[in-house]
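The values are calculated or read from the model by the stated rules, or taken from the named source; none is laboratory data. The structure presented is a predicted model; accordingly, all values stated were derived computationally and were not measured. No Cβ is skipped: glycine too gets one built from the backbone with ideal geometry, and neighbour counts run over all protein chains shown. Please note that ligands, DNA and RNA were not included when accessible areas were found on the heavy atoms of the full protein model with its side chains. Shrake-Rupley method; radii C 1.70, N 1.55, O 1.52, S 1.80 Å.
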Amino acid sequence: MAALPSSSRRLAISGMSCAGCVAAVETALRSVPGVVEAHVNFAERTAQVSGAVATEPLIQAVQQAGYDAAELRNAAAEAERDAAEQAHYRRLVRNTLVAGALAAPLMIAEMAGWLPTLATGQGFWIVIGLLTLATMIYSGGHFFTGAWRQFQHHNANMDTLIALGTGAAWIYSMLVALWPASVPSLAQHAYFEAAVTIIALINLGSALESRARGKASAAISRLLGLQPKTARIVDGDQERDVPIETLQVGALIRVRPGEKIPVDGEIVSGHSTIDESMLTGEPLPVAKQTGDPVTGGSLNKTGSVVFRATRVGADTMLAQIIASVRQAQNSKPPIGRLADQVASVFVPAVLIVAVLTALAWFNFGPEPRIGFMLVTTLTVLIIACPCALGLATPISIMVGVGKAAEYGILIRDGEALQRVGQLTTVVLDKTGTVTTGRPTVTGIMARPGFSENEIFQQAAGLEAGSEHPLAQAILDAARERGLTLPTVERFEAIAGQGASGLVNGQALLVGNRRLLERQGIDVAPLQAEAERLAATGQTPIFVAVDGQPAGLLAVADPIKPDSVAAIRRLRDLGLRVVLLTGDHAATAQAIAAQVGITELHAEVLPTDKAAVIVQLQAQGEIVGMVGDGINDAPALAQADVGLAMGGGTDVAIESAGITLVRGSLQGIADAIALSRATVSNIRQNLFGAFIYNTLGIPLAAGVLYPMTGLLLNPMLAGAAMALSSFTVVSNANRLRRFQPGRV
């Protein structure tokens, strides 16, 4: 049988009730042959699995662990899952109302002293017990079935704690109601109202948490909502609307004012302004005309345009952004690993504490020992909340990564999100990063014996085989002048230096000073002019013909409009900013001076860029590298965090942990500020969850009783447990209001 290709699959996981379930599901998935990695997002109830494996074995592994799974392979499956989540929320609300309808009258009557004693109202209490049982089955049956399923798989989770606590309370109360004389008079008390109130409160807490989790994933919902369901294709003289799933590359599509662009493409007729803010974070609409690219999900504001589809389905930028956001939301940063380790043993530890509590009160407690033992054990089981621990990290990651996407920042994983906030040094490539990456030829200088047009035409012919941005500038200028490009033989691109070849039978060299010096050509006749150009921020390109220096081409790459402000923001954040470029030293110095950078490394070969990163790391710096070209890929991979400009090459983007879709340096400061806010939010959640459980469980066990004579009411414990998870999710949702401070 042929091996399956490696791929990534996303599963919806049902049946998880606490963080302890995460470890069980991940272990089950990772045990499947072919799985390379598996991450479970408890906040979203999904799993991201990568490896050469089919879907069916994954689902079977999850089912054998006591849960259920379904693949989320398309928009229809996502919509089905969202509908199931909504139905689950409505069911939780119904459960709360039904349980509350019995719990509220019982609590009021108990507090008012209207209820008969067990001795005088045995029939009344038996009826109440049966009503409580029916309510527990209807409103809390999922706790008991979940606990039983986990027991069958030799596991325990939050359902186990709730089922044991409320089940023990009901059984004890029913036994006392049937045979009150079987226990001492002081212990003759029923806890039906406590059991049903706890069921009501926990359902209420789960409903609030479910609603808040829906808000946390709002970023994905907004991204999904950007893509229209249909597209108007142009077929000759006819136009018709078709489902977007049927679009093919090359299709002609008309978009009218106010409509969303369905897929990526290139305008073939018309002009308009297009709002790309939801994809790039850029608030101003962008003018587009024939030949310009358009991105699926953006909004056509004014004119009507026809464009040719270039990328459809999963290949569009919007689809890739959604996939990237989901991948990051399912990942785990280092800060969350401690919580995972604690959560994996939390429920067994609580069960042990509950047993010890019961033994302590039964053997050393005052009368009625059985009553005290039941209340404290029940309270320990109910107050413990592994959910808060399990939600602390993933819910903040979900909101933080989604918020980053709104600002045009795509974060590959949780580790990159955490690490970018710890950076101490940011290294910036020059071309396409600090500058626009769209250089233009600003002048030509020919030595005596050579004509400007001749050396320019030959240089353009040679550069036709190069992919360097400076080569593209020369080609664009040649086309504008209407020059015919000569045929080139023996073309060779020399990394970090330029190119060589035979043009019209003459040996031609076009590149930097090092290229000519390597061939033993004297650059002195060109040096003074080259230095003058470099001092003004222009890049001198040397041209040599048949071993003789022939002239210079001057190329200027404008600085991006917001580079100065962005670099000032980075310095204000306490970061060391370094410029790293293969360009001429004087040119690099001029650019650095214009943007306010004092530390730079110029004339660095592509193979040596990573070495500069290593040197900085050896100094104890946590380094972020920002670049956009193939030559930046090794440095991006070497850096603690690689940040790729969105307009850069695929290789650079694949090598980076963060992609700045907008292509602005402001995105670096935004990413750092958002990282720090998200990690701070995670710490708050973890601190709250740890403190809650660390203080709550001993209080529930009665540690204060010998000093104060007070015990924690089981119903208060249920309320605290229900609100703890909601508090964590609500705190994470504060990140949705985050706005980075722009300069």
Alpha-carbon radius of gyration plus Dmax, which is the widest Cα pair, for segment 563-697 in Å: 17.8, 67
Simple SL model, points at 7 angstrom along Cα→Cβ for VAL268 and ASP235; separation in nm is 1.5 nm
Report, ordered by chain and residue number, the lysines lying within cross-link reach of LYS430, taken as a straight Cα distance under 19 Å and ignoring same-chain residues fewer than 8 apart. LYS560, LYS609
Jot down the per residue volume, in cubic angstrom and as a whole number, of the convex hull over the alpha-carbon atoms of segment 16-67. 62 Å³
MET721 accessible area, assembled protein chains, probe 1.4 Å, Å²: 10 Å²
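Ranked from the most accessible area to the least, with a 1.4 Å probe and all protein chains present, what is the order of ASP235, ASP632?
Numbers: ASP235 90, ASP632 0 Å².
Heavy-atom accessible area, descending, gives ASP235, ASP632.
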Per residue, in Å², the accessible surface of segment 379-448 once ligands and nucleic acids are set aside, probe 1.4 Å: 22 Å²
Could you work out how far helix 666-701 tilts from the main Cα principal axis of the chain, as a 0 to 90 degree angle to the nearest 10? 10 degrees
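Which order do you get for MET158, MET317 if you rank them by accessible area with a 1.4 Å probe, largest at the top?
Working: MET158 10, MET317 55 Å².
Largest to smallest exposure gives the sequence MET317, MET158.
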Taking 25 °C and 0.890 mPa s as the conditions, I'd like the Stokes-Einstein D for segment 266-396 in µm²/s, using the Kirkwood hydrodynamic radius from alpha carbon pairs. 121 µm²/s
Rounded to 0.05, the calculated FRET efficiency for the beta carbons of ARG568 and THR55 at R₀ = 56 Å is 0.65
All alpha-carbon distances of segment 539-599, grouped into 5 Å bins from 0, give the whole-percent distribution 4, 15, 22, 19, 14, 9, 7, 5, 3, 2, 0
For n ≥ 4 DSSP H runs only, could you compute -39500 (n - 2.57) per run for the chain, divide by its residues and tell me the 222 nm figure to the nearest 500? -17000 deg cm²/dmol
Rolling a 1.4 angstrom probe over the protein chains, ignoring ligands and nucleic acids, what is the accessible area of ARG308 in square angstrom, nearest 10? 110 Å²
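Could you tell me the ratio Rg/Rh of segment 315-458? Both radii from Cα atoms, Rh via Kirkwood. Don't skip to the end; give the middle numbers.
Numbers: Rg = 31.0 Å, Rh = 21.4 Å.
Ratio value, two decimals: 1.45.
First compute the accessible area of the chain with a 1.4 Å probe, then give the percent of it belonging to carbon and sulfur atoms. Walk me through the numbers before you get to the answer.
Values: 18370 of 31510 Å².
Carbon with sulfur: 58 percent of the solvent-accessible area.
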Across every pair of different alpha-carbon atoms, what Kirkwood hydrodynamic radius in Å does segment 478-553 reach? 13.1 Å
CYS21 accessible area, 1.4 Å probe, all protein chains in place, Å² to nearest 10: 0 Å²
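Relative to the compact globular guide of 2.2 N^0.38 Å, what is the alpha carbon radius of gyration of segment 1-121, as a ratio? Each step should come with its number before you reach the end.
Details: Rg = 21.7 Å, N = 121, 2.2 N^0.38 = 13.6 Å.
This ratio for segment 1-121 stands at 1.59.
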Hey, what angle do you get for helix 369-383 against the long axis of the chain, alpha-carbon based, 0 to 90 degrees rounded to 10? 20 degrees
Leaving ligands, DNA and RNA out of it, rank VAL614, VAL305, VAL312 by accessible area with a 1.4 Å probe, largest first. VAL614, VAL312, VAL305
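Which whole-number percent is the relative contact order of the chain (Cα, under 8 Å, 6+ apart)? All intermediate terms of the calculation are to be shown ahead of the outcome.
On the way: 1498 pairs, mean separation 99.7, N = 743.
Computed value for the chain: 13 percent relative contact order.
How many Å² of accessible area per residue for segment 498-630, probe 1.4 Å? Mind dumping the intermediate values first?
On the way: 5000 Å² over 133 residues.
It amounts to 38 Å² per residue over segment 498-630.
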Which lysines have a Cα less than 17 Å from the Cα of LYS215, not counting those fewer than 8 places away in the same chain? LYS403
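Please calculate how many Å² of accessible area segment 674-732 carries per residue, with a 1.4 Å probe and no DNA, RNA or ligand atoms counted.
45 Å²
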Taking every C-alpha to C-alpha distance in the chain and binning by 20 Å from 0, the per-bin percentages run 15, 37, 28, 14, 5, 1, 0
How much space per residue, in cubic angstrom, does the convex hull of the C-alpha atoms of segment 376-509 take up? 182 Å³
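Semi-axes, largest first, in whole Å: what does sqrt of 5 times each Cα gyration tensor eigenvalue give for segment 39-180? Don't skip to the answer; put the middle values down first.
Working: eigenvalues 340, 66, 20 Å².
Computed over segment 39-180, the values are 41, 18, 10 Å.
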For segment 113-259, what is the Kirkwood estimate of the hydrodynamic radius, computed as the reciprocal of the mean inverse distance between distinct Cα atoms, to one decimal in Å? 20.5 Å
